[in-house]
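Presented below is the structure to which this report refers.
The values are calculated or read from the model by the stated rules, or taken from the named source; none is laboratory data. Computed from a predicted structure; not experimentally measured. A quick note on method: Cβ atoms are made from the backbone with ideal geometry, for glycine too, and the neighbour counts reach across all protein chains shown.
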Amino acid sequence: MKKAGRNTSKKLKNNEYFHYGDWGKTALNFLFTSDAWINIATGSVRSGKTVACNARWIEFLQNSKSDEFLISGKSSQSLRRNVIRPLIKMLNTEGIDYDYHKRDGELEIEDKLCYVMGFNDEKAVDVIAGMSVGGWYADEIARCPKSAVEMAISRCSDIGAKMFWNTNPDSPYHFIYENYINNKELLKAGTVKTWKFLIDDNPNLDPHYVTELKRVNQKSEVFYKRNILGEWVIAEGAIYDMFSPKKHVFNKIPFNIHEMNICCDYGVSTVTTFGVMGIHKDEELGNSYALLEETYYDKEVEGVAQSDSERVNDIVKLQDKYKLNENNTVYLPHDAASLKAECEKDSRLKMRVETYAPNTFEDITTIQNLFSTDKFFIHEDCTNSISQAQTYSWDKKAQQRGEDRPLKENDHCCDMWRGGILGPRNKRDPSLEIIEL
């Protein structure tokens with residue numbers, strides 16, 4: 001086994017060691033009393049849930065007689081960001097031996113082997129079906145498929161096995177809330193223990209930051225109840241209820257544009273819409289976005305479906321109008337394979353063509369935050385986007401099943417924005433050259 005920090009810590013660049021700060025009362029209670037079979041840290045954002053779970057997990061591993069364990073998250077990428085990186089920093093700080101095999105999805109901590117994996121979808125069931133582990137640490141448990149959660153629980157069969165989960169609140173009909181957090185029988189028996197973490201319990205946050213975070217979340221009732229009060233409540237009504245035509249619709253671009261792309265929602269027999277998304281980059285305050293123009297082809301209105309070659313014509317017109325080239329990107333939906341093929345063979349199209357795989361809930365949350373912080377604006381001529389920003393709504397039937405899912409109505413423009421906003425986020429371009437329009 002390699003000594004702590006060797007190999008892996010080189011990838012951490014700065015801050016190779018973890019600075020603990022002070023422990024809040026809830027975190028301390030979790031650390032000392034999380035001795036149930038299933039231990040769940042739930043509550044508001046930035047309340048210290050993950051740090052407490054990481055520290056408890058290290059202690060649990062050191063005292064466990066088992067050899068193999070499971071660490072899971074919504075995706076491998078989010079798991080590395082939210083859990084593995086800070087966990088490794090803690091190991092460095094404590095001088096504990098570890099070896100992280102990112103490609104194999106394995107983290108060895110002293111003589112314990114942790115299988116590290118994302119629970120993206122139902123396929124995770126097949127991966128964990130044959131395991132027998134001595135414990136399971138689950139990040140963002142409410143974001144994982146029910147079948148994978150139930151299978152992972154059944155795998156914790158070693159003597160002394162325990163589970164440590166953390167999650168932000170969701171719908172009160174969500175299976176995690178109904179079956180575990182609010183299951184009076186399991187709570188009474190001591191099989192499940194829960195801790196409600198609140199942002200005010202975290203003594204390490206700047207009071208000014210806490211005040212601003214509360215103010216931002218007040219623009220949406222469900223945001224405030226879930227993110228600040230840590231309550232499991234239904235997200236009712238309009239998804240973008242913080243959108244204001246007076247504030248978020250413009251006729252003059254509100255900031256300098258540093259980057260532009262073309263984004264798309266693709267419908268074979270319904271609507272295809274393209275948008276030109278302008279981005280103002282600010283590493284300190286965060287990017288701002290402006291939808292500069294949209295096209296909207298509705299098969300039901302036009303009476304005939306648009307062909308892929310006609311769709312490429314729309315892209316080329318926008319490309320040429322805004323003088324876009326090989327330094328700009330067209331973001332197409334992941335299911336628009338035929339359109340991508342048509343784009344790639346059309347010599348008129350100079351732009352790069354990439355597909356964008358959506359993550360519905362995370363994308364919606366990102367755009368809600370942009371509207372709430374006045375960082376996403378729509379041109380007054382984009383009438384379909386303005387209309388759908390106000391009518392895009394939650395599916396109440398899905399919420400009865402414990403799912404925050406939008407209705408498949410008034411959604412085409414909202415889906416189109418997502419590629420233009422989320423598509424470029426993994427690309428870091430230091431250039432801040434202003435684009436003249």
Residue, surrounded by the most Cβ atoms within 10 Å (Cβ to Cβ), within segment 277-297, restricted to residues that are of a type in the set (A, V, I, L, M), touching a Phe, Trp or Tyr at 6+ places or on another chain (Cβ under 7 Å) and closer than 20 Å to Asn384 by Cβ: Leu291
Extreme residue, surrounded by the fewest Cβ atoms within 10 Å (Cβ to Cβ), among residues of segment 153-183 that are within 18 Å of Cys53 (Cα to Cα) and among the small types (Gly, Ala, Ser): Gly160
Checking Glu59 against (1) over 30 Å from Val210 (Cβ atoms); (2) at pLDDT 95 or above; (3) charged (D, E, K, R), the condition it does not meet: (1)
Residue in segment 107-127 that is on the phi > 0 side of the Ramachandran plot and touching a strand residue (DSSP E or B) at 6+ places or on another chain (Cβ under 9 Å) present: yes
Selected residue (criterion: modelled with the highest pLDDT) from residues of segment 201-212 that are loosely packed, with under 14 Cβ neighbours inside 10 Å and of a type in the set (D, E, K, R): Asp206
All positions within segment 363-382 that are assigned to a helix (DSSP H, G or I) and in contact (Cβ under 8 Å) with a residue 40 or more places away in the chain: Asp363, Ile364, Thr366, Ile367, Gln368, Asn369, Leu370, Phe371, Ser372
Close pairs from segment 412-437: first farther than 30 Å from Ser393 by Cβ and of a type in the set (Asp, Glu), partner in a loop (DSSP other than H, G, I, E, B) and modelled with pLDDT of 90 or more, Cβ under 8 Å, at least 6 apart: Asp429/Lys281; Glu433/His258
Matching residues, segment 298-320, being buried (at least 17 other Cβ atoms within 10 Å of the Cβ) and either over 15 Å from Cys343 (Cα atoms) or touching a Gly at 6+ places or on another chain (Cβ under 6 Å) (or both): none
Residue that is nearest to the chain's Cα centre (by Cα), among those in segment 157-173 that are in a loop (DSSP other than H, G, I, E, B) and under 25 Å from Gly402 (Cα atoms): Asn168
